Amino acid sequence: MFGTYLRRELFNRRKQTIIISIGMALAIALVIVVNSVSAGVQSAQAAVLQSVYGVGTDISISEAAAAPTAGATPGQFAFGSGSGAASGGTTTLNQSRLETSRTVTAFDATQLDTVTATSGVSAATGTLALTNSTFSGQLPTQSGGTAGGTGGAPGSDTSQTPPTGGADGAGGSSFDVNSFTVLGLDPASVSVGPLSAVTLSDGRSLTATDAGTNVAVLDSSYATSASLATGGTIDIGGTTFTIVGLVASSGADSTTASNVYIPLDVAQTLSGNAGKLTNIFVTAASASDVDSLAATLKTALPTATVSTEADLASSVSGSLSTASSLVSNLGTWLSLIVLAAAFLIAVLFTISGVTRRTREFGTLKAIGWSNRRIVGQVAGESVIQGLIGGVIGIVVGLVGVLIVNLVAPTLSGSATSAAATGAGAGPGGGRGFGAAASAAVETTVTLQAPVTLAVIGLAVLLAVLGGLIAGSIGGWRASRLRPAEALRSVA
Amino acid sequence: MYELNAVTKTYNATKRKVTALNAVSLSIPDGQMVAIQGPTGGGKSTLLQMLGALDRPTSGEVTLGDSSISSLADNRLAELRARKIGFVFQSFNLIPTLTAQENVETALAPLGLKADERRRRAQDALASVGLADRGTHLPAELSGGQQQRVAIARALVKDPEVLLADEPTGALDEATRDEIMDLLETFWRDKGLTLIIVTHDSAVARRAERRLYIKAGAVSEGALVS
Ligand SMILES: Nc1ncnc2c1ncn2[C@@H]1O[C@H](COP(=O)(O)OP(=O)(O)OP(=O)(O)O)[C@@H](O)[C@H]1O
Ligand SMILES: [Mg+2]
């Protein structure tokens, strides 16, 4: 009887069924689209972060630079007399420096041991982010045979050609300043940290046996722009490195965290940072413990900046972050409002339906139907209406998600490179070339909205919930009807 | 056997208290056919509600056999209605979305019968009111007289002890009225029902063994016709 009555009511009172179902369907379709797009935006953000921080990095640790102290003049080139080779009236100078960016502080590598020993840490690796700056040029020898001066030029371009000639006595000189980022990393543990997210496009990656040797892996787009290739050599801090491989970011159109990757111990020695690190990348044992682990690490390392992935995500800027806030604000609110409206429509229509059927339910009570049977009937009708809405909503929602995926909007985002974490607070360019290291890594990602079983489950749950709410309110109304209503004459 | 002992029913209307039944004492033996007449607002329907276990009196006692209608809980009253009491209404009160056959089956739903048993009994009941071929029709596809026949089948399919009818012919023309009354009378005789009919129509009332008049909540006996 329950099934027959249910079927007949839903079918013969189609208008009511359709209105309630459509309302529910709209809300559920919206929930699915918003959820999927939101997941898509999140994975896009993750992709941007991965290209910078690596896969599986839950926490990153760095130390911001202290205010520059007077007297210390890093980033300056000093050429004394006798520097360079004079020939035919000009002196050719070539000097290369490898040092940490002035915006970060290298800290003692023992901090890595502290991190590794902290419970809740699954893996941790330390890196040393450096900038290699090369000054090369020719100066006329007639002005005393020596040329002094600082090579600092305003601006932060990686390569520049200062004016030749002028009142400074350097007339006729021609020089070139070049800088690129170098990341020293432990070749034995590249599965954590920046190199974990890259794909090898040529040659090989760094391996444990590379420790202590002068080998380098290059970012492939940097290699292209600098006309370098696997098998060739690159000069880093005055030492010649063999290029053993090229890596590219897994995401399209983007660069990896650094231009050049070399073994950590070599980087430490060459840059005069023996036993020092600039960054530690941590993978937490359990994703749910990231926040408490970060707090523990903050206490253990009082001078360090400890950032969780969530902190890092907020550093992503560009159209991606616009999309993210659009989805999380407008999308969430819109789906909540539409959901509430759909629930309200279902409740109001169910109540009005029960009121309209006062005599019907009175009659059923008069011929012996219990309250429970009548409440069950009303609730059953509402739940089925909700479910019909849910099914339509899932179909519409999936079509919506399909459209998003077919349109495949591209979003771009940038996150500050690991090679210069904290660079935003630094003094920037103006005195040297270090500013190049703070260049943000710009990544373009195509938005792909995934549909998970969980989202479908959520949709079904909401549909049933809406039906249950409407059904229990309608059922409650029906249960309060007096059986004597059956005797009421027709209105 | 109905026993009513000083049954009073008052309603709290918006402004004043309405006494619909005023200390009514009455007994109706099993198998009697009773007509209840009286002016509008006199309390006929209210009395029928007391007899049909649709409501409890404000004070006094109502018993049907060994069931005390005035003191049973709601769900026990529903059970009593489901087993012992059949109702026929002036405006038929069929469920508009269900077919004739399904409407008859609604009366069997609370009895926990198997589906095929329910179907068979409903078919038999429809056949007994002459509508064997209308089982799949919706109420809107039937005439008033046919709808009332379906309602009678619904009331009788459970083999009740009592059949209560509130103006069962009030919405029908005279020819149909007589058909319906013939049908009710036949069932009353064949099944040994207690048949209680509220009516304004003296042609209907004249058929009953016993006539009760209710005016302003007070009952008086009319002529006993045999
Ligand atoms: N639910 C109710 N609430 C308030 N007053 C009611 C209610 N039901 C009936 N009454 C009042 O009780 C009195 C008796 O009503 P009842 O329906 O029993 O009369 P009736 O004899 O059946 O009249 P009719 O011939 O018009 O059907 C009337 O004054 C009516 O207004
Ligand atoms: Mg009445």
Exercise for the section: Look at segment A:442-491 and say how many of its residues are away from ligand 1 (no atom under 16 Å from the Cβ) and either without any contact (Cβ under 8 Å) to a residue 40 or more places away in the chain or within 14 Å of chain B (Cβ to nearest Cβ) (or both). Expected result: 6
Exercise for the section: Within segment B:100-112, identify whether any single residue is β-branched (Val, Ile, Thr) and touching a Ser or Thr at 6+ places or on another chain (Cβ under 7 Å), and answer yes or no. Expected result: no
Exercise for the section: Would you be able to say whether some residue in segment B:65-74 is within 11 Å of chain A (Cβ to nearest Cβ), touching a residue at least 40 places away in the same chain (Cβ under 8 Å) and out of contact with any Pro (no Cβ under 7 Å at 6 or more places or on another chain)? Expected result: no
Practice task
Could you tell me whether any residue of segment B:133-155 is more than 14 Å from every other protein chain (Cβ to nearest Cβ) and not in a helix (DSSP H, G or I)?
Solution key: yes
Problem - Enumeration of residues in segment B:85-108 that are among the aliphatic types (A, V, I, L, M) and open to solvent by 10 Å² or more (accessible area, probe 1.4 Å) - result: B:94
Practice task
Please report, ordered by residue number, the strands (runs of 3 or more DSSP E) entirely within segment B:1-109 with at least 2 residues that are among the hydroxyl-bearing types (Ser, Thr, Tyr) and within 20 Å of residue A:481 (Cα to Cα).
Solution key: B:2-12
Handout entry: Residue satisfying all of: in segment B:24-56; surrounded by fewer than 16 Cβ atoms within 10 Å (Cβ to Cβ), more than 28 Å from residue A:369 (Cβ to Cβ) and more than 14 Å from every other protein chain (Cβ to nearest Cβ); farthest from ligand 2 (Cβ to nearest atom) among these
Key = B:29
Handout entry: Hits in segment B:7-23 - residues which are open to solvent by 40 Å² or more (accessible area, probe 1.4 Å) and either away from chain A (no Cβ under 11 Å) or more than 24 Å from residue A:364 (Cβ to Cβ) (or both)
Key = B:12, B:13, B:14, B:15, B:16, B:17, B:18, B:19, B:22, B:23
Fill in the blank from the handout: Across segment B:23-54, the tally of residues that are in contact with a Leu (Cβ under 6 Å, 6 or more places away or on another chain), within 13 Å of ligand 1 (Cβ to nearest atom) and small (Gly, Ala, Ser) stands at 3
Practice task
For segment B:171-180, state whether one or more residues are away from every other protein chain (no Cβ under 14 Å), buried (at least 22 other Cβ atoms within 10 Å of the Cβ), in contact with a Lys or Arg (Cβ under 9 Å, 6 or more places away or on another chain) and not acidic (Asp, Glu).
Solution key: yes
Fill in the blank from the handout: Across (1) more than 16 Å from ligand 2 (Cβ to nearest atom); (2) within 20 Å of residue B:54 (Cβ to Cβ); (3) not in a loop (DSSP other than H, G, I, E, B), residue B:158 clears everything bar (3)
Practice task
With the checklist (1) within 14 Å of chain A (Cβ to nearest Cβ); (2) closer than 19 Å to residue B:31 by Cα in hand, flag the one item residue B:109 doesn't pass.
Solution key: (2)
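The values are calculated or read from the model by the stated rules, or taken from the named source; none is laboratory data. Model, not experiment: these values are computed from the prediction. Using ideal geometry, Cβ is built from the backbone for each residue, glycine included, and neighbour counts are taken over all protein chains shown. SASA here: full protein model, heavy atoms, side chains in, ligands and nucleic acids out. Shrake-Rupley method; radii C 1.70, N 1.55, O 1.52, S 1.80 Å.
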